[in-house]
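Report on the following structure.
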Amino acid sequence: MNSEMMRTQIRALCQAPRPEGKEAFFRKVKAQGLLHRRPRTISQWEFAAGQFLYIEKWVWALSVLLLLLITAACRRSPGNEPFALTPFLAAGILAQTGRSFRWKMAEMEHAARFSLRSVLLARLFWVGVVNTAGLMLVVLLVRPCFSYSLIRVFLYMMVPYLTAAWLGSVYERKQRADHGWGSVLICLLSSAAFAAAPAFLAGLYEERLTVLWAALFITMAGGLPGSIRNWIARMEEPVWN
């Protein structure tokens, strides 16, 4: 069977219903002068600011809850364990990329005015900025509870968070799924790994290894944007042909 015969049979089997009110709709559009009107041009900042409102409320609730939990844990028991809670903040970032596929809207969003890539990057930017700003505030609040310097507390907070975000982006790029359980599992495993690390690596939080933490921070902070770009680019591949 050649392609032309196949298309003919598909059209015969998949007859779409006739649209109701089509002529009335076009008459109304023409009467209002909207037929040839172009959408208003908006700046990149207006576009990015508009995407802030479309981020799901549970993402912000999760971030606030985790930041409060980290702060309370540091004040109550200023050991190294509270630092292992920061990987869960990455769940809010990772969850944003699966929405189009969870709700079966990827094909429609590929054809929207703004590309799916731009929308996702804008939302990832906002979640990342808010989470990072929140962690900076937590670092300043809990710093007096530790004997560590401000830089060391910053590194101990950020490295687990960036590690989970980077591993999650790699996983999502390799295994694109409708659900986000894989990313949640990565956050959980990252948290468990950093919580258990001092038992296997004695002196992990000693001052002499600050250079190691700084190197990890630079590696993760430098690799995460590239990984996210590749991840988003793959999401824009045709979902069907």
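The values are calculated or read from the model by the stated rules, or taken from the named source; none is laboratory data. Please read all numbers here as calculations on a predicted model, not as lab measurements. Every residue, glycine among them, receives a Cβ derived from its backbone with ideal geometry; neighbour counts consider all protein chains shown.
List of remarks:
- Residue match in segment 58-68 (condition: under 15 Å from VAL138 (Cα atoms), β-branched (Val, Ile, Thr) and assigned to a helix (DSSP H, G or I)): yes
- Among the residues of this structure, LEU185 does not count as one that is modelled with pLDDT of 90 or more and among the hydrophobic types (A, V, I, L, M, F, W, C).
- Test result for LEU67, surrounded by 12 or more Cβ atoms within 10 Å (Cβ to Cβ) and at pLDDT 90 or above: yes
- Entry remark, segment 201-222: residues being modelled with pLDDT under 85 and more than 21 Å from ASN80 (Cβ to Cβ) number 0 in total.
- Within segment 187-215, tally of residues that are surrounded by 14 or more Cβ atoms within 10 Å (Cβ to Cβ) and under 21 Å from the mean Cα position of the chain (by Cα): 4
- Screening ARG75 on (1) over 29 Å from ALA95 (Cβ atoms); (2) in contact with a Cys (Cβ under 8 Å, 6 or more places away or on another chain) shows it passes everything except condition (1).
- The one condition from (1) free of Cβ contacts under 8 Å to residues at least 24 places away in the same chain; (2) surrounded by 10 or more Cβ atoms within 10 Å (Cβ to Cβ) that SER43 does not meet is (2).
- Screening ARG152, ARG143 for residues that are over 20 Å from GLY128 (Cβ atoms), without any contact (Cβ under 8 Å) to a residue 40 or more places away in the chain and over 14 Å from the mean Cα position of the chain (by Cα) leaves exactly one candidate, ARG143.
- Some residue of segment 56-63 being loosely packed, with under 10 Cβ neighbours inside 10 Å and modelled with pLDDT under 85: no
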